[in-house]
1. Go through segment 250-290 and report how many residues are part of a strand (DSSP E or B) and in contact with a His (Cβ under 6 Å, 6 or more places away or on another chain).
2. Select from segment 316-335 the residues that are small (Gly, Ala, Ser) and modelled with pLDDT of 95 or more and write down the one among them that is nearest to His366 (Cα to Cα).
3. Does Pro317 satisfy being in contact with a Gly (Cβ under 9 Å, 6 or more places away or on another chain), more than 30 Å from Leu174 (Cα to Cα), outside the structural domain of Ala16 (by TED's automatic domain parsing) and free of Cβ contacts under 8 Å to residues at least 40 places away in the same chain?
4. Could you check how many residues of segment 115-172 are touching a Cys at 6+ places or on another chain (Cβ under 9 Å) and hydroxyl-bearing (Ser, Thr, Tyr)?
5. From the list Glu231, Glu253, Glu200, pick out the single residue that is in contact (Cβ under 8 Å) with a residue 40 or more places away in the chain, surrounded by fewer than 21 Cβ atoms within 10 Å (Cβ to Cβ), out of contact with any Cys (no Cβ under 6 Å at 6 or more places or on another chain) and among the acidic types (Asp, Glu).
6. Is it the case that some residue within segment 57-73 is buried (at least 23 other Cβ atoms within 10 Å of the Cβ), touching a residue at least 60 places away in the same chain (Cβ under 8 Å), in contact with a Ser or Thr (Cβ under 8 Å, 6 or more places away or on another chain) and farther than 16 Å from Leu186 by Cβ?
Amino acid sequence: MLLIPSESYRAPDFMAAAANLGIEVVVGSDQASPLEHLSEGRHAAFAFGDPETGAGQVETFADQFPLDRIMAVDDAGARLAAHAARRLEIPHNPVSAVEATRNKAMLRERLARSGVPSPPWLVAPMDADPPTIARTVQFPVVLKPLSLSASRGVIRANTPGEFVDAFDRIRRILGEPDAREECGDLSDRILIEGYVPGIEVSLEGLLSEGKLHVLALFDKPDPLEGPFFEETIYVTPSRLPPDQQQEIVGTTERALAAIGLRDGPVHAELRLNDDGVYPIDIAARSIGGLCSRTLTFGTGMSLEELLLRHATGMDIPTLEREQQASGVMMLPIPGSGTLESVHGIGHAEAVDGIQSVTLTIPIGKHVTALPEGNEYLGFMFARGDTPEAVERALREAHDRLRFDIHADE
C-alpha cells in the first residue's frame with residue numbers, strides 16, 4: 001500500500017515504477033476516489049490526520065485485501081504508515097521514531113538528549129502572550145509550527161517586534177482548516193528555536209536494518225536566511241570538501257539513531273558552520289515534490305523504483321547515483337494572487353543543460369506565497385558535466401521565465 005495524499009505530486013512516478021516492477025499496489029489516500037467502485041481493493045480512503053483511527057481503517061481493509069508492506073510517499077502519511085503497519089505486524093519503523101519526525105519539538109528533544117548539535121528551543125502554547133515570551137529568548141530565533149511541511153509557517157525573527165508579528169502570523173496559519181487537519185493534536189503549539197547560520201544541505205538516504213546508505217547529498221546554493229525559508233535550487237553531487245561531507249553523514253547517522261529510525265527512506269536537512277553540523281529537519285520519507293526526478297541510479301533506475309525494490313525485498317542492482325551532475329529548481333511563488341499566465345518556457349528549456357520545465361499549478365488557480373503557502377509554481381530540471389554548470393543553467397533558465405500573478409487586493 002502506498003499512502004498518497006490527494007494533492008501529492010508523486011503518485012504518477014511511484015505508480016509507473018510499480019508497474020515497471022510488476023508490483024501490485026493499493027493506493028491509500030485522504031479522499032475517496034469517485035472511481036473506487038471500479039477498482040475494488042486498489043484504492044481506499046483513510047483518516048491521515050488521525051493515525052489511530054486511520055490504522056483501524058487500514059486494518060479493516062487488510063482483513064479483506066491483505067497487505068505485505070505500507071509506504072508513505074509524503075509527510076502527511078508517515079504517521080499513519082507506522083501505526084497501520086504496527087497493527088498489521090508487518091515491517092515498519094518504530095511508531096515513536098516516526099512521531100519524532102512529525103513533531104519538531106520531539107525531534108529537538110531527542111537530538112539534544114543524544115548530544116547531537118541542536119539550537120536552544122522552547123515550545124509555546126498558542127494562547128501564550130508573545131511579548132512576554134519574546135523577553136525570554138536570545139535573538140535571532142525561528143518560529144515554526146510543530147508539524148507543517150514545505151517551510152509553511154517557518155519565520156525568522158530578529159527583534160521582539162518581529163517575534164510578535166511572526167507568532168500572530170503562525171497563529172492565523174494554524175487556524176486554517178487544512179493546517180489543523182495536517183497538524184492534528186499538534187496545532188495548538190509553536191516551536192521557537194535559535195537561528196542556526198551556515199551552509200544548508202539536503203541528504204537523501206535509505207536505511208536498511210539501521211544502516212544508512214547515502215543516495216545523494218544536495219547543495220543548496222541560495223542563502224536561506226529568512227525571514228521565510230523558501231527552497232529553490234538543489235544540486236548534486238555536493239561541492240563541499242570530503243571531510244565536511246563525511247561530517248554531514250556522520251551527524252545524520254547520529255541523528256537517525258537518536259530518533260530511532262531503522263528502515264526505509266530518509267530525507268534530512270542540515271546546516272554546517274564553524275561550530276559543527278546541525279540537523280534542521282529529519283523526515284521518514286524520500287525527497288518531496290518532483291525533486292526525485294533529479295536522481296537516477298545505475299543505468300536508469302528511478303528513486304521510486306529503488307525504494308519499491310527495497311520495500312518489497314527485491315534485488316537492488318546498485319545504490320550508486322549516475323555520474324552526471326543534476327539539479328532541480330523549485331519555482332518560487334513571488335506573491336499571492338491568481339496565476340494568469342506563464343511566459344518563456346520554451347526559451348528556458350532551450351538553455352543548454354535544461355531537461356524540462358514542469359508547471360504544477362494550472363493557469364487561473366490562486367497561488368499563495370510563503371509563509372502561508374506550501375506549493376511551488378513548478379519544477380525545473382537540469383543535468384551537466386559539473387554541479388557549477390547545472391546551477392548556471394537553472395539560474396539562466398529561471399531568468400527567462402515570467403509569471404503573471406494578479407495580486408490579492
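1. 1
2. Step by step, filter segment 316-335, then rank; the result is Gly327.
3. Criteria met by Pro317.
4. The total comes to 1.
5. Glu253
6. Yes, because at least one residue in segment 57-73 is buried (at least 23 other Cβ atoms within 10 Å of the Cβ), touching a residue at least 60 places away in the same chain (Cβ under 8 Å), in contact with a Ser or Thr (Cβ under 8 Å, 6 or more places away or on another chain) and farther than 16 Å from Leu186 by Cβ.
Here's the yes/no breakdown for (1) surrounded by 16 or more Cβ atoms within 10 Å (Cβ to Cβ); (2) not small (Gly, Ala, Ser):
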| site | (1), (2) |
| --- | --- |
| Gly184 | yes, no |
| Asp188 | no, yes |
| Leu191 | yes, yes |
| Leu207 | yes, yes |
| Lys211 | no, yes |
| Val214 | yes, yes |
| Pro221 | yes, yes |
| Glu225 | no, yes |
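Residues checked against (1) part of a loop (DSSP other than H, G, I, E, B); (2) in contact (Cβ under 8 Å) with a residue 40 or more places away in the chain; (3) surrounded by 15 or more Cβ atoms within 10 Å (Cβ to Cβ):
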position: Pro371; (1), (2), (3): yes, yes, yes
position: Glu375; (1), (2), (3): yes, yes, yes
position: Glu391; (1), (2), (3): no, yes, yes
position: His406; (1), (2), (3): no, yes, no
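The values are calculated or read from the model by the stated rules, or taken from the named source; none is laboratory data. Please read all numbers here as calculations on a predicted model, not as lab measurements. Positions of Cβ are backbone-derived with ideal geometry, glycine not excepted, and every protein chain shown enters the neighbour counts.
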